[in-house]
Amino acid sequence: MNFVSTRIITADVKRLVDFYATVTGVQLTLYTEDFAELITEAGTLAIGSTRTLKLFGGDHVASPAANHTAIIEFRVADVDADYRRLAGQLGEALVQEPTAMPWGNRSLLFRDPDGNLVNFFTPVTAEAIAKFER
């Protein structure tokens, strides 16, 4: 088994595509007005419109902008540099400035336009760095 993707359901695909392209610097692939992907070496962040829910059994399957449990995480080369680059754009979406975590990462936490939590992190301790050298 191989974990390959997380999908966000949204009422506004274009808004999330634009947001993730801005914060990650990666161009997303927009397959249709209802589906896009941000493809990285480690996995894919998919963005699907609420209209795609009918393919999975109906609107009751997921609710856009209602996530209160998951954090979408991106390992970045220098979380402090990304914070400096994004600080003026994040505004009230900023949850926490770069902070050292007890497990060895330095993390920046903010919300996307739908309210989903996003964590940019950089491993900084020897143990955390070794963990990601796979």
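The values are calculated or read from the model by the stated rules, or taken from the named source; none is laboratory data. These figures come from a predicted structure and were not determined experimentally. No Cβ is skipped: glycine too gets one built from the backbone with ideal geometry, and neighbour counts run over all protein chains shown.
For the range 46-68, residues that are of a type outside the set (Lys, Arg), over 16 Å from Thr6 (Cβ atoms) and free of Cβ contacts under 8 Å to residues at least 40 places away in the same chain total 5. Here the range 117-134 is the region considered, the condition is being buried (at least 19 other Cβ atoms within 10 Å of the Cβ) and not hydrophobic (A, V, I, L, M, F, W, C), and the residue that is farthest from Ala21 (Cα to Cα) is Pro123.
Name the residue that is farthest from Asp59 (Cα to Cα), counting only residues in the range 14-27 that are part of a helix (DSSP H, G or I), of a type outside the set (S, T, N, Q) and under 14 Å from the mean Cα position of the chain (by Cα).
The initial filter retains those residues of the range 14-27 that are part of a helix (DSSP H, G or I), namely 14-24.
Of the ones still in play, those that are also of a type outside the set (S, T, N, Q) are 14-21, 23.
From the residues that got through so far, the ones that are under 14 Å from the mean Cα position of the chain (by Cα) too are 15-21, 23.
On the way: Arg15: 20, Leu16: 19, Val17: 21, Asp18: 24, Phe19: 24, Tyr20: 24, Ala21: 27, Val23: 29 Å.
Looking at residues that are part of a helix (DSSP H, G or I), of a type outside the set (S, T, N, Q) and under 14 Å from the mean Cα position of the chain (by Cα), I get Val23.
Residues that are outside any loop (DSSP other than H, G, I, E, B) and of a type outside the set (D, E, K, R) were ranked within the range 92-103; the one that is surrounded by the most Cβ atoms within 10 Å (Cβ to Cβ) is Pro98.
Looking only at residues in the range 71-91 that are outside any loop (DSSP other than H, G, I, E, B) and among the aliphatic types (A, V, I, L, M), the one that is nearest to the chain's Cα centre (by Cα) is Ile72. The residue list Leu30, Leu38 contains one member that is outside any loop (DSSP other than H, G, I, E, B) and under 15 Å from the mean Cα position of the chain (by Cα), which is Leu38.
Given (1) assigned to a strand (DSSP E or B); (2) at pLDDT below 95, where does His60 come up short, assuming only one miss? So the condition that His60 fails would be (1).
Could you run through the range 1-13 and say how many residues are among the hydrophobic types (A, V, I, L, M, F, W, C), in a loop (DSSP other than H, G, I, E, B) and under 18 Å from Ala62 (Cβ atoms)?
Here the count works out to 1.
Scoring Leu55 on the criteria (1) assigned to a helix (DSSP H, G or I); (2) modelled with pLDDT of 95 or more leaves a single failure, condition (2). From the list Ile71, Ile39, the lone residue that is at pLDDT 95 or above, closer than 27 Å to Asn2 by Cα and assigned by TED's automatic domain parsing to the domain that holds Phe19 is Ile39. Of everything listed in (1) at pLDDT below 95; (2) surrounded by 12 or more Cβ atoms within 10 Å (Cβ to Cβ); (3) outside the structural domain of Asn119 (by TED's automatic domain parsing); (4) over 27 Å from Ala128 (Cα atoms), the single unmet condition for Arg15 is (1). Would you mind stating whether Gly104 is closer than 18 Å to Asp18 by Cβ and of a type in the set (Gly, Ala, Ser)? Judged against the criteria, Gly104 is not a match.
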